[in-house]
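Notes to accompany the following structure.
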Amino acid sequence: NRAADFHRRDAAAGELPEHLPAPERTSSRAEALAVLGVIRTLPEAYRETLALRLVEGMTGPEIAERTGLTAASVRVNLHRGMKLLREKLNR
Amino acid sequence: MSSQHDDYLWNRTGTPDPEVVRLERILGELKHQGALPPLPVRREAGHRHALWGSRRILRTVMALSAAAVITIVAGAAWFTLVQPRIGWAVETIAGLPAIDGRTVAGSARLGIGGWLVTDAAARARVSVGQIGRVEVEPNTRLQLVEARGREHRMALSRGTIHARIWAPPKFFFVNTPSAVAIDLGCAYTLQVDETGAGLVRVTHGWVGFEHEGRESFIPEQAVCATRPGVGPGTPRYEDAPEGYAPALALLDFGAPDDNGRASALNLVLSRARPRDALTLWHLLRRGSRAERSKVYDRMAALVPPPAEVSREAVLAGDRRAIDLWWNALDLQSTTWWRLWKRQW
């Protein structure tokens with residue numbers, strides 16, 4: 001009887017719907033988010049530059065123009081950031 | 001990496017670097033739809049990873065005196081002209097979302113203090129500065145509270161959002177009527193109903209839920225409810241054993257003298273798998289001492305505590321001891337945990 005009472009109480013407990021509408025979850029998206037998760041662990045300067053390059057598809061000069069960094073800084077950040085990213089992805 | 005590959009990384013000329021091409025393909029799926037919002041122009045001098053030459057330092061020092069004067073003048077202009085434009089870019093996905101009562105057919109900007117509202121047919125996408133995106137489902141009402149530096153905060157009074165954040169942990173916050181959701185990872189869905197109750201479902205990374213010192217940590221593939229006046233409940237994995245959701249709802253939000261608590265706790269403990277130590281760990285700090293004692297015994301059987309963690313310390317609510325046990329749960333990344341504990 002106590003178990004029955006408990007299960008009747010389930011409905012009263014009234015949690016929000018379990019089936020929240022979720023964005024598409026494809027394996028490719030999961031992979032993209034996983035890589036993005038690694039990028040976000042990089043130092044700030046590399047993280048932003050690499051995200052603009054690899055996610056948004058911008059070129060180095062476009063990133064420089066958009067961020068206000070010099071082209072040289074962007075190039076260094078891309079090079080070093082990519083090196084770090086490779087190391088982390090290959091661990 | 002060869003210079004040819006370096007050229008490809010720089011401007012897509014030269015020989016394509018296979019790794020860069022692969023990452024472009026994978027990450028291109030997350031590309032921003034439509035025009036990117038404007039980024040603030042940064043000061044090169046503050047860029048830690050740029051190469052510093054002695055001439056640059058000299059130029060910077062010489063510029064400082066001039067900058068001091070300019071700052072005074074520019075500061076006034078900033079607060080009167082520029083600051084009101086700070087905010088988040090909003091794009092319409094479907095229907096006609098409204099910002100402060102005005103419908104948005106294409107794109108618009110949500111200012112500090114502004115409200116974005118979607119009706120039953122409207123959906124929108126919000127660019128959270130440079131740190132992420134939020135998709136707003138129908139029947140949602142949210143407000144931009146803060147958008148600067150390390151604090152990007154919105155208030156979700158009702159409805160559903162899908163957040164995807166790529167900033168470090170603790171940069172993005174969502175106030176709800178019953179708890180604050182703190183981004184510790186990448187992607188999650190947050191829903192608030194008309195009563196102010198909430199539910200978060202994490203699809204990637206981690207989310208923290210906090211209300212007046214009551215904390216819950218929710219990893220991917222887990223959900224956690226929250227209630228007004230109580231705060232966050234106990235997280236559980238989506239594949240948790242049958243009966244977990246109502247049992248935890250009763251333990252978290254039911255009356256302390258509810259005579260169903262014992263059977264609810266027994267259900268949670270008896271059906272717990274090693275993976276459900278996540279749930280049990282949260283219960284170590286909740287409920288009566290007798291309840292926590294039962295939780296301790298079951299959790300110790302599933303994941304033995306480290307040698308330096310005593311039963312008495314845990315039951316006394318010793319935070320250090322309980323945190324040490326967390327470290328034994330093997331919950332993959334602990335980076336967010338360390339960041340959470342850091343005082344900002």
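Please treat every number below as a calculation from the coordinates, not as lab data. Owing to the predicted nature of the structure, the values given are computational and were not obtained by experimental measurement. Positions of Cβ are backbone-derived with ideal geometry, glycine not excepted, and every protein chain shown enters the neighbour counts.
Quick notes on this structure:
- Per residue of B:20-27, other chain Cβ atoms within 10 Å of the residue Cβ number 6 on average.
- Length gained on full extension, B:N266 to B:K31: 79.9 nm, using 0.36 nm per residue less the C-alpha separation.
- Sites B:L302 and B:N11 - FRET efficiency at Förster radius 45 Å, r taken between beta-carbons, to 0.05: 0.25
- Expressed as a whole percent, the proportion of Cα-Cα pairs in the stretch B:233-296 lying more than 13 Å apart is 56%.
- Straightening the chain between B:Q221 and B:D323 buys 34.5 nm, computed as 0.36 nm per residue apart minus the Cα-Cα spacing.
- Anisotropy class of the stretch B:159-218 from Cα gyration tensor, a/c 1.5 cut: oblate
- At R0 = 41 Å, FRET efficiency that the Cβ-Cβ distance of B:D119 and A:K83 yields, to 0.05: 0.25
- For the stretch A:52-88 and the stretch B:119-196, distance of Cα centres in Å: 28 Å
- Peptides B:203-211, B:322-330, B:114-122, B:262-270 ordered by average Cβ neighbours within 10 Å, highest first: B:203-211, B:262-270, B:114-122, B:322-330
- The ellipsoid equivalent to the alpha-carbon distribution of the stretch A:39-87 has semi-axes of 16, 11, 9 angstrom, derived from the gyration tensor eigenvalues as √(5λ) and listed largest first.
- Shape category assigned to the stretch B:146-300 from the gyration tensor of Cα positions, a/c cut at 1.5: prolate
- Look at the stretch B:131-139: the mean tally of other chain Cβ atoms within 10 Å of its residues' Cβ atoms is 1.
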